[in-house]
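What follows is one structure encoded as structure tokens, with my remarks underneath.
Nothing in this text is a laboratory measurement; each read-out follows from the coordinates by a stated rule. Just so it is clear, the model here is predicted, and its values are computed rather than measured. Note that we place each Cβ from the backbone using ideal geometry, even for glycine, and neighbour counts take in every protein chain shown.
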Amino acid sequence: MQSKLTFEKPLIELEEHLNQLKSFAQKHPDLDISEGLKALERNTRALNRKSVQTLSRWDKVWFARHELRPQSFSYIESIFENPIELYGDKLYSDDRALVGGLAWFEKQPVVYLAQQKGRNISERQEMNFGYTHPEGYRKALRLMEFAEKFNRPVICFVDTPGAHFDGGSEERGQSIAIAENLAKMSQLQVPILVILIGEGGSGGALAIGIGDRVLMMENSIYCVAPPEACSGIVWKDDGEHAPEAAEALRPLATDLIEFGIIDEIIPEPVGGAHRNPTQAIKNVKKTMTRHFHQLLEVNLVNLLENRYNRYRNIGVFDSEQL
């Protein structure tokens, strides 16, 4: 994956040189190079911003997939108080690609749901690289029903390349599990806050993505199918036209806020969330907190009506062509 982000190499080397100079300055306090360091820091930040701004949509896809990008567990551990993970769908098994449980947020008890790709090779294998099985979605459904019964808001962190697509998943009702979640979330009688932190891949993401507010990190993506899959469907190839597919899909946060699919873009540190995970998590928490309190102030009747209208009005069509 790192090879896909070759544009980062000179930026990383420049930052390494800057850190070496800082270390040199600390060891030699008699030499005053503070002004030069400040100028170099400004130039480094400017170069980082310029490099990110000139990226194509395909480049941004790899930003969203960066192996060092903070994942759901980092947000859960940093943002929530006393998170307690719950396991299993009570029908078949537990799916580690989708985790969920109970926690406190802003002094309010909440239910959280989160997709997780894994932070190392053993976790990635355990979590199917983020591809969620039907039992994961049914676990999410069980926790949604719990949230509704005990009047707890639901907070969802979305980060998946898509739903698992092997024969076993289909035999165990993958499409039904996703559809049941969509139906339940559309009518769930508690506030739902959704945050896209990495990849939002097709129905696999949408199954926990129906919310009263949908927030999206600056370098995340959200689309009906991964660009490689779209390339295979449209061009009948092995992904050679993925960059063209990414341009056509328009999966970036800046695209989706224009379409009215998301409510707000959460800014990332210069160079991406993977360059400064601590700051990225702080940005997410700050934006989450504001929207969370706003949702708590909406009465249930208006909450459900607003949610219905939100999804009913997504999309643009020409009535004259009907």
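In plain terms, the bigger the Kirkwood radius, the slower the diffusion; for segment 133-204, with that radius from Cα pairs, at 25 °C and 0.890 mPa s, Stokes-Einstein puts D at 192 µm²/s. When you count the other C-beta atoms within 10 angstrom of each residue and take the mean per peptide, 272-279, 228-235, 153-160, 289-296 line up highest first as 153-160, 272-279, 228-235, 289-296. 3J(HN,Hα) couplings calculated from phi for segment 301-314 with the Karplus curve 6.51 cos²θ - 1.76 cosθ + 1.60 (θ = phi - 60°) are, in sequence order, 4, 5, 4, 5, 5, 5, 5, 4, 5, 4, 7, 5, 9, 6 Hz; Gly and Pro show x. Taking 0.36 nm per residue of separation and subtracting the current Cα-Cα distance, fully stretching the chain between Asp166 and Glu297 would add 42.9 nm. Distance between the C-alpha centres of segment 85-120 and segment 178-216: 14 Å, rounded to the whole angstrom. Basic side chains Lys and Arg get +1 at the Cβ, acidic Asp and Glu get -1 at the Cβ, and with that the dipole of the chain about its Cα centre reaches some 760 debye.
Evaluated over the Cα positions of the chain, the convex hull gives a direction-averaged projected area, one quarter of its surface, of 20.3 nm². Within the chain, DSSP assigns beta bridges of which about 40% are antiparallel (rounded to the nearest 5). Sorting the segments 236-245, 108-117 by their residues' average number of neighbouring beta-carbon atoms within 10 angstrom, most packed first, yields 108-117, 236-245.
The count of lysine pairs in segment 62-313 whose Cα atoms are under 14 Å apart, excluding pairs fewer than 8 places apart on the same chain, comes to 4.
With the highest mean first, a sort of the peptides 255-267, 64-76 on other beta-carbon atoms found within 10 angstrom per residue produces 64-76, 255-267.
Stretching the chain fully between Ala183 and Glu240 yields a gain of 16.9 nm (0.36 nm per residue, less the alpha carbon separation).
When only Cα pairs below 8 angstrom with a gap of at least 6 residues are kept, the chain shows a relative contact order of 15 percent. When the helices of the chain are scored as -39500 (n - 2.57) per DSSP H run of n ≥ 4 and the total is divided over every residue, the value at 222 nm lands at -15000 deg cm²/dmol. Shape analysis of segment 69-208 based on the Cα gyration tensor places the equivalent ellipsoid semi-axes at 21, 18, 13 Å, largest first. A convex hull fitted around the alpha carbon atoms of segment 182-322 yields 138 Å³ per residue.
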